[in-house]
Structure formats: C-alpha cells, structure tokens
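Chemist: Before anything else, here's the structure in question.
Every number here is computed from the coordinates shown, using simple stated rules; none is lab data. Not measured: the values here are computed from a predicted model. Cβ placement follows ideal geometry from the backbone for every residue including glycine, while neighbour counts extend to all protein chains displayed.
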Amino acid sequence: MGGTARLFVISGPSGVGKGTLVSLVRQIRPDLGLTVSATTRPPRPGEVSDVSYHFLSEEEFSRRVSAGEFLEWAEVHGHRYGTLKDDVDAMLVSGRSVVLEIDVQGALKVRKVLPTAVLVFIEPPSLGELERRLRGRGTESEAQIDLRLANARRELELSARYDVRLVNDDRDAAAHRLVEVMKAFETDGGNPHNGSH
C-alpha cells in the first residue's frame with residue numbers, strides 16, 4: 001500500500017463491537033499492525049498471554065509506568081490497561097500502519113503524545129441496541145451492565161473530539177467503511193468531510 005504509515009486508534013463503548021470490527025478490518029488489510037495491550041486484569045477463558053494481552057502484575061505495570069514505557073494507560077472497570085510505546089514505534093518505523101483498540105481515556109492521551117494519530121470512534125446505532133448487545137454477551141452482571149451503559153453515555157459525549165465517527169450498524173459494511181477511512185488518511189491525510197462516515 002502506498003502512503004504514510006499511521007496509527008489508527010479505535011474506541012467506543014463496551015459492547016459496540018470494536019473487537020469484531022478490528023478483526024474484520026485485519027482480514028481485509030492483513031498488512032496492518034496490531035498492538036497487544038498490557039493489562040492487570042486476569043485472563044478470561046481462552047485468552048493467551050502476549051497474544052490476547054500482556055498480562056502484568058500490578059507491580060510490573062507500575063514499574064513500566066514509572067519507566068515511561070507506555071504510550072497510554074488507564075484504569076477501566078477496576079483494572080489497568082496500557083499500550084507499550086515500543087510495540088507501536090517498531091511497526092510504524094517498518095512502514096506498517098497500526099490499529100490500536102483502546103478506551104476513550106486512552107485515545108485522548110495518545111493524541112497528546114502522538115498528534116498524528118487518527119482517532120476513530122465506533123458508535124452503536126442506539127443506546128438501546130448497545131444494551132441489547134451487552135445483555136446478549138451474558139458475561140456481565142446487572143450492575144456491570146448499568147456501569148457500562150453509564151460509561152457509554154459519557155464516551156459518546158467525547159466522540160466529538162475524534163477525527164472520524166463511524167456507526168457499527170452492519171458489521172461488514174462498517175468494516176469496509178473503516179478500511180476506506182484508513183486508506184484516505186494513509187494516502188492524503190484524510191478527507192475533511194470524513195466526519196459523517
């Protein structure tokens with residue numbers, strides 16, 4: 001692919017389908033680099049260390065924060081998550097664009113450290129649909145669902161600070177729109193009219 005390697009930061013509310021969307025985009029664009037987040041949360045069934053996440057102890061995470069090794073980190077739902085700078089730098093230097101799937105707090109921190117990062121906010125078709133998706137996962141308690149919906153309302157308010165807002169109504173269509181957005185930013189720095197995607 002011609003153009004400039006860029007860091008694309010993908011965020012949106014819990015349950016909006018970010019992970020699925022990023023997986024689909026990576027099938028269309030296998031050249032994209034994907035960083036592995038570090039986290040202090042315990043692994044879920046089927047998750048593999050250094051593939052799903054870098055699972056770190058609280059002590060190790062704190063040591064790396066103090067050493068300035070994170071591009072961003074945040075506490076979300078009682079656990080810390082972060083992106084190691086070296087992971088991102090290595091891919092950009094090799095000419096590969098990078099997809100980083102993180103929460104809104106983290107995305108806004110990345111923008112400060114790396115102003116050329118492209119922030120993409122994935123929106124649900126509606127909060128009602130988001131609630132339906134969260135309940136459909138069957139992994140959260142009622143209290144956790146309420147917390148995630150409250151967080152989603154706050155995150156939607158911050159979406160105006162993103163370069164691109166994209167509604168995940170139909171997975172495949174949304175993935176193809178995201179690939180087009182990436183191509184636009186890699187080739188000509190993006191299109192000023194892309195806020196409506």
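Chemist: Determine the shape class of the chain: with a ≥ b ≥ c the square roots of the Cα gyration tensor eigenvalues, call it rounded for a/c under 1.5, and otherwise prolate if a/b is greater than b/c, oblate otherwise.
Modeler: Oblate.
Chemist: Using 0.36 nm per residue of separation minus the Cα-Cα distance, give me the extension gain between SER57 and ASP172 in nm, one decimal.
Modeler: 37.7 nm
Chemist: What residues qualify as long-range amide H neighbours of GLU72, i.e. H under 5 Å apart, gap of 5 or more or another chain, H built at 1.01 Å from N?
Modeler: Here the answer is THR83, since their amide H atoms fall under 5 Å of that of GLU72.
Chemist: Is region 120-185 rounded, prolate or oblate when judged by the Cα gyration tensor, a ≥ b ≥ c being the square roots of its eigenvalues, rounded requiring a/c under 1.5 and prolate requiring a/b larger than b/c?
Modeler: Details: a/c = 3.08, a/b = 1.69, b/c = 1.82.
It is oblate, given that a/c is not under 1.5 and a/b is not larger than b/c.
Chemist: OK, next. Would you tally the net charge around PRO124, using a Cβ to Cβ cut-off of less than 10 Å, leaving PRO124 out, and scoring K and R as +1, D and E as -1?
Modeler: Result for the neighbourhood of PRO124: -2.
Chemist: Taking N as the number of residues in region 84-197, what is its alpha-carbon radius of gyration divided by 2.2 N^0.38 Å?
Modeler: The reported ratio for this selection is 1.18.
Chemist: If you take the charge dipole of the chain about its Cα centre, with +1 on Lys and Arg Cβ and -1 on Asp and Glu Cβ, which of THR35, SER97, MET182 is farthest toward its positive end?
Modeler: The residue sitting farthest along the positive end of the dipole is MET182.
Chemist: Residue by residue through region 97-114, what is 3J(HN,Hα) from phi via Karplus (6.51 cos²θ - 1.76 cosθ + 1.60, θ = phi - 60°)? Round to whole Hz and write x for glycine and proline.
Modeler: Calculated HN-Hα couplings, in order: 5, 10, 10, 10, 9, 9, 6, 5, 4, x, 4, 5, 6, 4, 4, 6, 6, 10 Hz.
Chemist: Rounded to the nearest 0.05, what FRET efficiency do ASP86 and ASP146 give with R0 = 45 Å and r taken as the Cβ-Cβ distance? Could you check?
Modeler: 0.75
Chemist: According to a simple spin-label model (label point 7 Å from Cα along Cα-to-Cβ), what is the distance in nm between ARG137 and ARG96?
Modeler: Result: 2.6 nm between the two label points.
Chemist: Tell me the mean residue ellipticity at 222 nm calculated for the chain from its helices only (DSSP H runs of n ≥ 4, each -39500 (n - 2.57), averaged over every residue, nearest 500).
Modeler: Per the formula, -13500 deg cm²/dmol.
Chemist: Once phi is turned into θ = phi - 60°, what whole-Hz ³J(HN,Hα) does the Karplus curve with 6.51, -1.76 and 1.60 give for every residue of region 133-141, x standing for Gly and Pro?
Modeler: With the stated coefficients, region 133-141 comes to 5, 4, 5, x, 5, x, 9, 10, 6 Hz.
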